[in-house]
Each structure stands twice: as structure tokens, then as C-alpha cells.
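The values are calculated or read from the model by the stated rules, or taken from the named source; none is laboratory data. Owing to the predicted nature of the structure, the values given are computational and were not obtained by experimental measurement. Because the Cβ atoms are built from the backbone with ideal geometry, glycine has one as well, and the counts that use them run over all protein chains shown. Heads up: the accessible areas ignore ligands, DNA and RNA and are worked out on the full protein's heavy atoms, side chains in. Shrake-Rupley method; radii C 1.70, N 1.55, O 1.52, S 1.80 Å.
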Amino acid sequence: MTDANDTPVSTSSPTAPTPETDPGSRPDARERHRTRIVSTAVLGALLIFAVIFAVIFRHPLVAWFTGSSSGGSTPEAAHIVAGGLAIDTSTGAGSASEVSYYTCSMHPTVRSPGPGKCPICSMDLTPVTREEEQAGVIHIEENRRALLGIRTTKVVRAPIDLDITAKGRLAVDETRLHEITLKVGGYISDLRVNATGQAVTRGDVLFTLYSPELYAAEQEYLIATQNRDAMRMSGDASHSERLAHAAETKLRLWGLGDDQLAALAKRGEPIERVPFKSPASGVVVEKNVVDGAAVMAGQRLFRIADLADIWVEADVYESDVPRITKGMPASIMLDYLPGRTFDGKVAFIYPYLDPASRTGRVRIALPNKELELKPDMYATVTFKLPLGPRLVVPISAVVYTGPRRIVFVGLGNGALRPQEVTIGARSGDLIEIASGLNEGDVVVSSGNFLVAAESRVRSAGAFWGDSHDDKQ
């Protein structure tokens, strides 16, 4: 069909939408569109719910992730169950009894923010408060202490002695020293004691002496005694008596004894070589003469020491000298005789100090009948000063941490708390506690270094002051 101008005219109707041109008419497109709408709505709802949940339960969530109790202002107890463990948030922030964490007394490495069971041994977890954490308190059950070698003992009041230890040296008793000298010159012959260290007895002949002066004095004595005897027969012997007495006194002053004078008078003629005897028993510690030597008056020939008694001279620190008193008991030990102890008493305290070592000298006298103790030996001297009953613990119970002294006190239920103490005198295996403990307290006496290490870890150095100690 054409119009007037012979132009073809279409007689068909307008083009209708087909499945290929209408996207909404495809089932899969409609489904995807619907899913997007639903997802957007769900996500929005979840976001709104999460915001509301975070606002409402903000403090319990903070407590869960940080391991601390709720810091909110609501005083009532609030419990949140998370991971099967209940978290108690009833305590306020900063409370001394606030639970810091829960742990197992058998396995202290287990930490939980809330109560429950130990994952290793299934025991109930015990709470650890912030106060205990700051104080370094740890929990170790009795059966586990035995495995770790941790032992405890009670603080008792017992009499102790203060031990003052000093180094000493053995010396010859100065009151038992003898020097052999001559009061007249002459010549030595027949020397009987010819070696240092030789033992002599009182009355033993040491040597003989030829002396022209002594020989002349013997003649004078014999003449004087003969004249005295003759004058006694005539009845006037006063002058001869004085002359005989003067001659006898001269010989005595030169070293002759009664037996020698009697032998001289009995003999009736002078003795050319006069024997000289030892005036004391002992050991020759010095010898300054040989056979045939010429000697002069006043010359020292021998020095003899009687070692039946010996001195121990101890050098005591200046601060301990006022504590030493005359008559105080002392024990002496020698490297020469290990395992043996000699007991003595203070005999004398020297009234001066050694300016170089700043020590005072104390003397103890010891018997030495068997001559076991020898001069110039070194000795360790311990003085005992009774202090009476004092609070004492074993020395092993005290932990030294720089300027502080720490012991671990049992609180019961397996709890151990470090306690700073002030120590006093030490006696053997015991040490005095001047302050910090009471009689009857239970302290760790063995394995406390292991306990100290665990306490440092638990308290993170809060009680121990690690940074301060490091500076020391």
C-alpha cells in the first residue's frame, strides 16, 4: 500500500518489548536484585545491633580482653560467659581486693581472666587479687612444694651467740722467754748446745767458759774463805767474814751458783773452765755463739723459749673491738691441724690499734704441753658473745636483693608472700630477725630462690623494684 506520492506506508503496530529487551523480565536478574536488597537490610541491622551491643556491654568487653575487672560505675555484679569461663566484674576499678587473674596452684603458668578449671590438671582456678600481684604473692600447693624442694620452717625465739671471726698468729709467750748472757768476758769451749731448735732442760750445761777475770775472782774467794776460817779460830773474824762474803757475792753476780761455789770450796783451788748451765727449760730459738768464740760481758749468746704455753694474737676489726672483753671464750682453728678446735679465753686486749690495718690486737693463752702449736702459725679465731633469746630463722631463708633482705611468709592455702626484714647477728646456721617477722610465722627455708624468681615474674617487679636494684 502506498500513499498519494507513492511512498510505502507501514501498517504494522508499534514494537512491543521482548524478553531480549526487558531486563526485568529475566528471572535470574530479578533474583539478584532482590538478594542485594535483603543483604543491605541485614547488614544495616547487624551494624545497628553491634553498635547497640558495644555501647551497652562496653565495660565487660574491656574487662574480657584486658584481663581486668569492669571499670563501670554500676555496683551490681555482672557476669559474662565467654569461652566457657565466667568473668566477675563486680569489683570497682582500683579496689585492693580486685581480682587480677585466676591461676592454678599446681601450674602457676596458667592464667585466666575468670574462674574455671585448669586445662592441665582440671583443678579449680584460684583468684589472684591486684594487691597480691603487687605484693608478689604466689600460690604453690604443698604436694608441689615437695616436688620442687621447697621447705618451710617456723620463726622461733632461741638463744644465740654473736660470732666475731678474726685472723690470728701464734707467738711465743713473752713471759717464758729467757736470754743467756755473760757478765764477764772470756772464751767459749765445750759448746754443748750447737743448733737452733734444740731442746734444753733447766740445769743442762750449755758451755764452759775460760775467763782470766773469773779465774782471779775464784782465787780471791778461796783466799778469803781460808782467812775467815783462820780468824774464826783466833776469835776475831769480823773483817775476814766481810771479805769472804764480798768475794762470794762477786762470783754469784758473775753467774756461779750455790753448787758451783760449794764445789769450788771443796776443791780448794780455782776452776779454769767454768761450766754455765741453762736457767730454764725450753727450745733454743736463737744462737749467737760457736765453739771457741771470744765473748764479752753483756753479749747475748742464746735465747730460750718455753713453749709449754703459747699465745694467739688475733687482729680484730676496729668496729668489733668494743665487744671483746677479758675472759670472753674463743675457739681457735689451724690449717696445720684441720678438724681440731682449741678453746681458750681472752687474756689481754692491747690498748692501741694498728694504724695500717685499723685492727686491734687481742691475746689468748693456750696450753701446749705436746708442743703441737708452733710460733708463727696462722689461726682463725672465733669469739662467742652470748646475746640471749632472739627471733631467728635459718640463714637459707633470707634472700639478699641489693640493700634489702627478703623472706617468704606462708599465708596458708599455698600462698607465699615476700616480706622485707631487718637482720641482726649471725650464729652458725641461724640469723637474727630484728624486725619484719613475728614468732610463729612460717617462712620458706629451702628453695626460696626458685620462689623469688616466680614472685618476680608474677609481680612484674612491682614489689621487688627491679629498676631500682639494677641501678644499685
> Consider PHE449 against the criteria (1) touching a strand residue (DSSP E or B) at 6+ places or on another chain (Cβ under 9 Å); (2) surrounded by fewer than 17 Cβ atoms within 10 Å (Cβ to Cβ); (3) in a loop (DSSP other than H, G, I, E, B): it satisfies all of them except one. Which criterion is unmet?
Replying inline: (3)
> Which residues, taken from region 320-338, are open to solvent by 90 Å² or more (accessible area, probe 1.4 Å) and either over 23 Å from the mean Cα position of the chain (by Cα) or more than 17 Å from LEU170 (Cα to Cα) (or both)?
Replying inline: PRO322, ARG323, LYS326, TYR336
>> Given the condition open to solvent by 60 Å² or more (accessible area, probe 1.4 Å) and touching a helix residue (DSSP H, G or I) at 6+ places or on another chain (Cβ under 8 Å), answer yes or no: does some residue in region 252-259 qualify?
In response: yes
> For region 173-191, what are the residues that are surrounded by fewer than 20 Cβ atoms within 10 Å (Cβ to Cβ), farther than 24 Å from ALA265 by Cα and in contact with a Pro (Cβ under 9 Å, 6 or more places away or on another chain)?
Replying inline: HIS178
>> assigned to a strand (DSSP E or B), open to solvent by 30 Å² or more (accessible area, probe 1.4 Å) and among the acidic types (Asp, Glu): which single residue out of ASP315, ASP291 fits that description?
In response: ASP315
>> List the residue pairs whose Cβ atoms are under 7 Å apart, where the first residue sits in region 358-372 and is on the phi < 0 side of the Ramachandran plot and touching a residue at least 12 places away in the same chain (Cβ under 8 Å), the second is open to solvent by 60 Å² or more (accessible area, probe 1.4 Å) and in a loop (DSSP other than H, G, I, E, B), and the two are 6 or more positions apart or on different chains.
In response: THR359/GLU318; GLY360/GLU318
> Can you spot a residue in region 217-225 that is within 26 Å of GLY292 (Cα to Cα) and surrounded by 18 or more Cβ atoms within 10 Å (Cβ to Cβ)?
Replying inline: yes
> Can you tell me how many residues in region 410-440 are crowded, with 17+ Cβ neighbours inside 10 Å, over 21 Å from the mean Cα position of the chain (by Cα) and modelled with pLDDT of 90 or more?
Replying inline: 0
>> Need a quick list: strands (runs of 3 or more DSSP E) entirely within region 153-250 having at least 3 residues that are of a type outside the set (A, V, I, L, M) and under 30 Å from ILE332 (Cα atoms).
In response: 156-172
>> List the residue pairs whose Cβ atoms are under 6 Å apart, where the first residue sits in region 220-231 and is closer than 14 Å to LYS266 by Cα and without any contact (Cβ under 8 Å) to a residue 60 or more places away in the chain, the second is open to solvent by less than 20 Å² (accessible area, probe 1.4 Å) and among the aromatic types (Phe, Trp, Tyr), and the two are 6 or more positions apart or on different chains.
In response: none
>> Let me spell it out: the conditions are (1) closer than 21 Å to PHE302 by Cα; (2) open to solvent by 70 Å² or more (accessible area, probe 1.4 Å), and VAL274 meets all of them except one. Which number is the exception?
In response: (2)
>> Let me spell it out: the conditions are (1) farther than 29 Å from VAL205 by Cβ; (2) open to solvent by less than 20 Å² (accessible area, probe 1.4 Å), and ALA347 meets all of them except one. Which number is the exception?
In response: (2)
> Among MET296, MET233, which is the only one that is aliphatic (A, V, I, L, M) and farther than 24 Å from GLU179 by Cα?
Replying inline: MET233
> When you look at THR208, is it open to solvent by 50 Å² or more (accessible area, probe 1.4 Å) and touching a residue at least 60 places away in the same chain (Cβ under 8 Å), yes or no?
Replying inline: no
> Does TYR215 satisfy the criteria of being over 25 Å from ASP306 (Cα atoms), in contact with a Pro (Cβ under 6 Å, 6 or more places away or on another chain) and of a type in the set (Phe, Trp, Tyr)?
Replying inline: yes
> What about GLY388, is it at pLDDT below 85 and on the phi > 0 side of the Ramachandran plot?
Replying inline: no
> Would region 82-91 turn up any residue that is open to solvent by less than 80 Å² (accessible area, probe 1.4 Å), modelled with pLDDT of 75 or more and either within 30 Å of VAL283 (Cβ to Cβ) or not hydroxyl-bearing (Ser, Thr, Tyr) (or both)?
Replying inline: no
> Which residues, counting only those in region 352-379, are open to solvent by 50 Å² or more (accessible area, probe 1.4 Å), assigned to a loop (DSSP other than H, G, I, E, B) and under 11 Å from PHE342 (Cβ atoms)?
Replying inline: GLU372
> Just for region 452-472: of the residues that are surrounded by fewer than 18 Cβ atoms within 10 Å (Cβ to Cβ) and outside any helix (DSSP H, G or I), which one is modelled with the highest pLDDT?
Replying inline: GLY465
>> Restricting to region 157-172, count the residues that are more than 17 Å from GLY360 (Cα to Cα) and open to solvent by less than 70 Å² (accessible area, probe 1.4 Å).
In response: 5
